[in-house]
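*Asks:* Before we start, here is the structure in question, set down as structure tokens.
The values are calculated or read from the model by the stated rules, or taken from the named source; none is laboratory data. Just so you know, these numbers come straight off a predicted model, no measurement behind them. Please note: Cβ atoms are built from the backbone with ideal geometry, for glycine as well, and neighbour counts cover all protein chains shown. Side chains are part of the model used for accessible areas, which takes the heavy atoms of the whole protein and leaves out ligands, DNA and RNA. Shrake-Rupley method; radii C 1.70, N 1.55, O 1.52, S 1.80 Å.
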Amino acid sequence: MLTTAASTETVIEAKDLSVGYGGRAVLTGINFTVASGEVFVIGGGSGCGKSTLMKAMITLLPPVSGTLRITGHDLVTGGDEAVQQVRRSIGVMYQGGALFGGLTVLENVRLGMEEQGLFTWTEMNSLALSLLAMVDLDEHCNKMPSALSGGMQKRAAVARAMALSPQIVFLDEPSAGLDPISSAGFDQMVVRLARSTGRTFVVVTHELPSIFTIADRMVVLGGAQKTQLAIGSPKELLESGPPDVRRFLARQPEDETSQGAAS
Amino acid sequence: MSPDVQSTAGSTVIALEGELDDVRVREVWEDVVGRARAAGTGSVVVDASKLNEVSGTGLLLLAEIRRTVVWAGGRIEMRGLTADQASLVERAVGHKPPVPREQESQFISDVGETAFRVLDELADTVRFIGEAAIDLAYAIRRPRSLRWRDLLRVMGQSGIDSMPVTCMLSGIVGFIIAYQMMPALDRYGAADQTPTIMGFAIIRELGPLITAIILAGRSGSAFAAEIGTMKVTEEVNALTTMGLNPERFLVTPRVLAVAITTPLLSVFASFAGVLGGWLPMIARDMSLELYLQNVRNSIDQVDFLQGVFKAFVFAVVIGGIGCRSGLKTQVGPGAVGASTTRAVVAGIVAIIVLDGVLVGLFHALGI
Ligand SMILES: Nc1ncnc2c1ncn2[C@@H]1O[C@H](COP(=O)(O)OP(=O)(O)OP(=O)(O)O)[C@@H](O)[C@H]1O
Ligand SMILES: [Mg+2]
């Protein structure tokens, strides 16, 4: 199993965090920290609130209560200023890629840099090309997103997410809709990017093979109350986690009888 | 054929026999379920041991019986099912469905609620358009911040591409108005005043209005659909987390584009309308030169500018409503369509109401 990165700087800190919609919590009691350079997985069954937690971390959904600090900026008390700061330090790959349909792959990656205005045109182009090379898409740089396969779109989206040198890269369900081989390839790419760039990756997924390949540590969400069930490396959790978590990681459904009894 | 049912005090036994296939199920459903319901909180025994074969729908019938009895608070026993069948039927009991909300006597509160929602929407739309106008002013002062490619594309679509249909419609409307007006004017022997009426009606009013209606149908809807789709595919979220303001990024170029093209288009539309009005005059032997001369004499620059100004205001309002509608797109398969419809309807309503307001305003200002 992969070892945790040497650096111990905390980039994400959640304390007694509740997240939800319109002030109503759907997920409560979240407590974890993510160290710089880690690949951290948010796992759990369908509907347990993974996407909701991620939306809160990427500033699209204000937390309901508790503390949520991303790269030192508190999203609960920090107001708009903190939100802007956090946006500057993160990159997000959305589930379907969310590439801008009117722009080529290269332009998608370059867009953030253009708006940032730090680099010259030539610099931006070569930066974007290097990023695309890191995800094996440099030869497709001038295609429109619609001309790429789903997996390629996601890889391009990863390149775009990494364009502004974010401290944390968020990946939303990277394996969803990919065949097992592409999915394994994607996982390998994530590990490679994480190791080579030293960035922190936060990955939302419920694919067990992915979890075991990429995760340094993970938090498992779930339960009747929708809360945090366990935190640790996947291996630890599989061996000595709470029963629910072991069942999730070992891919065992709940007891037939216990499900039938629920009324 | 019909099921054998015996009811004793507090206990109903439903014995099913023979084949329980789809046809049979339909025949006995009402009867059997009705009896199960009639049992109330009593106990019901379903005896399936004499059934030869139970089809999928047969199991659904058994499940329905079970559900009916369980939800009514009664006790049920099923006899003669295999273990698999029994477990399937048991599972189907599920949760009690939520009681549908009371529908009656909500009329007044509904009306109130709707009124508040409409007012809210209106206030929000006005705020949105105001913000769009501020962004517009900002973009004009700092042209580098503008998405030029979007701007030029939308200018092409809303300007050049709209030209034929707008001019054609306006020309036809001009023709119709002149044609309908002439008999009325003839009564006063004033048919030669038609050019005057055309000048006022088309240049001050109908040219801008027709242009705006086409704009709502073509560009307002396109904005809502484009931005709505981006919302659904999370592209709007992607912009937001990249620190790029979706309003400035998506709304400004579109609204600016129509704010530039619509006044121009409106001038063309007005001209086409005036020309259309000349066609019935041919029968009266009025030459085009004379007709245009009369139209020209009947209006002044202020009338002309009033039409152009209206077109500009309409463009900002329709563009703003279209974009806002796109950004408000909800999730789900029909969401983009709903946004598009809303953009067109709200846009057309808004410009016609606004036109009335502007007429009042110009009148008050003595223009
Ligand atoms: N926009 C919303 N408004 C209100 N409640 C919502 C909204 N979106 C999701 N929820 C609720 O929040 C809970 C968690 O949903 P969420 O989408 O975060 O789950 P998830 O873990 O991502 O599931 P999946 O693996 O299926 O994507 C669900 O019970 C859902 O009903
Ligand atoms: Mg999800």
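*Asks:* Is one or more of the residues making up region A:189-201 within 16 Å of ligand 2 (Cβ to nearest atom), of a type in the set (Val, Ile, Thr), in contact with a strand residue (DSSP E or B) (Cβ under 8 Å, 6 or more places away or on another chain) and open to solvent by less than 40 Å² (accessible area, probe 1.4 Å)?
*Replies:* Among the residues of region A:189-201, not one is within 16 Å of ligand 2 (Cβ to nearest atom), of a type in the set (Val, Ile, Thr), in contact with a strand residue (DSSP E or B) (Cβ under 8 Å, 6 or more places away or on another chain) and open to solvent by less than 40 Å² (accessible area, probe 1.4 Å), which makes the answer no.
*Asks:* Counting only residues that are part of a helix (DSSP H, G or I) and open to solvent by 10 Å² or more (accessible area, probe 1.4 Å), which one in region B:240-253 is farthest from the other protein chains (Cβ to nearest Cβ)?
*Replies:* B:247
*Asks:* Can you go through B:176, B:202 and tell me which one is open to solvent by 60 Å² or more (accessible area, probe 1.4 Å), of a type in the set (A, V, I, L, M, F, W, C) and modelled with pLDDT of 90 or more?
*Replies:* The unique qualifying residue is B:176.
*Asks:* May I ask you to say which residue of B:320, B:307, B:276, B:356 is in the same structural domain as residue B:199 (by TED's automatic domain parsing) and open to solvent by 40 Å² or more (accessible area, probe 1.4 Å)?
*Replies:* Exactly one of B:320, B:307, B:276, B:356 is in the same structural domain as residue B:199 (by TED's automatic domain parsing) and open to solvent by 40 Å² or more (accessible area, probe 1.4 Å), namely B:356.
*Asks:* Also, quick follow-up: Out of (1) at pLDDT 90 or above; (2) crowded, with 21+ Cβ neighbours inside 10 Å, the odd one out for residue A:249 is which?
*Replies:* (1)
*Asks:* Of the residues that make up region B:336-351, is at least one out of contact with any strand residue (DSSP E or B) (no Cβ under 7 Å at 6 or more places or on another chain), small (Gly, Ala, Ser) and either more than 21 Å from residue B:252 (Cβ to Cβ) or not assigned by TED's automatic domain parsing to the domain that holds residue B:192 (or both)?
*Replies:* yes
*Asks:* Moving on to the next point. So which of A:174, A:180, A:234, A:242 ends up being within 16 Å of ligand 1 (Cβ to nearest atom) and either touching a helix residue (DSSP H, G or I) at 6+ places or on another chain (Cβ under 6 Å) or more than 14 Å from chain B (Cβ to nearest Cβ) (or both)?
*Replies:* A:174
*Asks:* If you don't mind, there's one more thing I want to ask. Is it the case that residue B:282 is over 30 Å from residue B:225 (Cα atoms) and open to solvent by 50 Å² or more (accessible area, probe 1.4 Å)?
*Replies:* yes
*Asks:* Checking residue A:35 against (1) within 16 Å of ligand 2 (Cβ to nearest atom); (2) under 23 Å from residue A:213 (Cβ atoms), which test does it fail?
*Replies:* Among (1) within 16 Å of ligand 2 (Cβ to nearest atom); (2) under 23 Å from residue A:213 (Cβ atoms), the lone unmet condition for residue A:35 is (1).
*Asks:* Restrict the check to region A:73-94 and report whether at least one residue is more than 14 Å from every other protein chain (Cβ to nearest Cβ), under 14 Å from the mean Cα position of the chain (by Cα) and away from ligand 2 (no atom under 16 Å from the Cβ).
*Replies:* Scanning region A:73-94, I find no residue that is more than 14 Å from every other protein chain (Cβ to nearest Cβ), under 14 Å from the mean Cα position of the chain (by Cα) and away from ligand 2 (no atom under 16 Å from the Cβ), so the answer is no.
*Asks:* Exactly one condition in (1) farther than 26 Å from residue A:113 by Cβ; (2) open to solvent by 50 Å² or more (accessible area, probe 1.4 Å) is not met by residue A:227; state its number.
*Replies:* Going through (1) farther than 26 Å from residue A:113 by Cβ; (2) open to solvent by 50 Å² or more (accessible area, probe 1.4 Å) one by one, residue A:227 breaks only (2).
*Asks:* In this structure, is residue B:288 in the same structural domain as residue B:181 (by TED's automatic domain parsing), closer than 30 Å to residue A:146 by Cα and either in contact with a helix residue (DSSP H, G or I) (Cβ under 8 Å, 6 or more places away or on another chain) or surrounded by 23 or more Cβ atoms within 10 Å (Cβ to Cβ) (or both)?
*Replies:* no
*Asks:* Here's something else I'd like to know. Any chance region B:208-225 includes a residue that's part of a helix (DSSP H, G or I), within 14 Å of another protein chain (Cβ to nearest Cβ) and open to solvent by 10 Å² or more (accessible area, probe 1.4 Å)?
*Replies:* Looking for residues that are part of a helix (DSSP H, G or I), within 14 Å of another protein chain (Cβ to nearest Cβ) and open to solvent by 10 Å² or more (accessible area, probe 1.4 Å), one finds at least one in region B:208-225, hence yes.
*Asks:* Which residue pairs have Cβ atoms under 9 Å apart, sit 6 or more places apart or on different chains, and have a first residue in region A:23-45 that is within 14 Å of another protein chain (Cβ to nearest Cβ) and a second that is modelled with pLDDT of 95 or more and more than 16 Å from ligand 2 (Cβ to nearest atom)?
*Replies:* none
*Asks:* I'd like to verify a number: residues in region A:38-72 that are away from ligand 1 (no atom under 15 Å from the Cβ), under 14 Å from the mean Cα position of the chain (by Cα) and aliphatic (A, V, I, L, M), how many?
*Replies:* 2
*Asks:* What's the number of the only condition in (1) in contact with a Gly (Cβ under 9 Å, 6 or more places away or on another chain); (2) not in a strand (DSSP E or B) that residue A:31 fails to meet?
*Replies:* (2)
*Asks:* All but one of (1) modelled with pLDDT under 85; (2) open to solvent by less than 50 Å² (accessible area, probe 1.4 Å); (3) under 25 Å from residue B:328 (Cβ atoms) hold for residue B:125; state the number of the condition that does not hold.
*Replies:* Among (1) modelled with pLDDT under 85; (2) open to solvent by less than 50 Å² (accessible area, probe 1.4 Å); (3) under 25 Å from residue B:328 (Cβ atoms), residue B:125 violates only (1).
*Asks:* Now for a separate question. Considering only residues that are free of Cβ contacts under 8 Å to residues at least 60 places away in the same chain and part of a helix (DSSP H, G or I), look in region B:322-340 and name the one that is farthest from the chain's Cα centre (by Cα).
*Replies:* B:337
*Asks:* Pick from B:294, B:237: which is under 26 Å from the mean Cα position of the chain (by Cα) and surrounded by fewer than 23 Cβ atoms within 10 Å (Cβ to Cβ)?
*Replies:* That would be B:237, the only listed residue that is under 26 Å from the mean Cα position of the chain (by Cα) and surrounded by fewer than 23 Cβ atoms within 10 Å (Cβ to Cβ).
*Asks:* With respect to residue A:43, determine if the residue is within 13 Å of ligand 2 (Cβ to nearest atom), of a type in the set (Gly, Ala, Ser) and out of contact with any helix residue (DSSP H, G or I) (no Cβ under 7 Å at 6 or more places or on another chain).
*Replies:* no
*Asks:* Now for a separate question. Considering (1) surrounded by 21 or more Cβ atoms within 10 Å (Cβ to Cβ); (2) under 13 Å from residue B:89 (Cα atoms), say which one residue B:60 fails and leave the rest.
*Replies:* (1)
*Asks:* On to the next question. Which one is surrounded by the fewest Cβ atoms within 10 Å (Cβ to Cβ) among residues in region B:258-273 that are more than 21 Å from residue B:132 (Cα to Cα) and of a type in the set (Gly, Ala, Ser)?
*Replies:* So, considering only residues that are more than 21 Å from residue B:132 (Cα to Cα) and of a type in the set (Gly, Ala, Ser), the one surrounded by the fewest Cβ atoms within 10 Å (Cβ to Cβ) is B:272.
*Asks:* On to the next question. Which one of B:314, B:309 is in a helix (DSSP H, G or I) and more than 23 Å from the chain's Cα centre (by Cα)?
*Replies:* Step by step, each of B:314, B:309 is checked, and only B:309 is in a helix (DSSP H, G or I) and more than 23 Å from the chain's Cα centre (by Cα).
*Asks:* If residue A:85 passes every condition in (1) in contact with a Gly (Cβ under 8 Å, 6 or more places away or on another chain); (2) open to solvent by less than 10 Å² (accessible area, probe 1.4 Å); (3) not hydrophobic (A, V, I, L, M, F, W, C) but one, which one does it miss?
*Replies:* Only one criterion is unmet by residue A:85, namely (2).
*Asks:* Going through region A:46-66 one residue at a time, which ones are more than 14 Å from every other protein chain (Cβ to nearest Cβ), within 16 Å of ligand 2 (Cβ to nearest atom), part of a loop (DSSP other than H, G, I, E, B) and surrounded by 16 or more Cβ atoms within 10 Å (Cβ to Cβ)?
*Replies:* A:48, A:49
*Asks:* Give the residues of region A:212-228 that are within 13 Å of ligand 1 (Cβ to nearest atom) and either on the phi > 0 side of the Ramachandran plot or modelled with pLDDT of 90 or more (or both), sorted by residue number.
*Replies:* A:219, A:220, A:221, A:222, A:223, A:226
*Asks:* All but one of (1) modelled with pLDDT of 90 or more; (2) surrounded by 20 or more Cβ atoms within 10 Å (Cβ to Cβ); (3) not small (Gly, Ala, Ser) hold for residue B:312; state the number of the condition that does not hold.
*Replies:* The number of the failed condition is (2).
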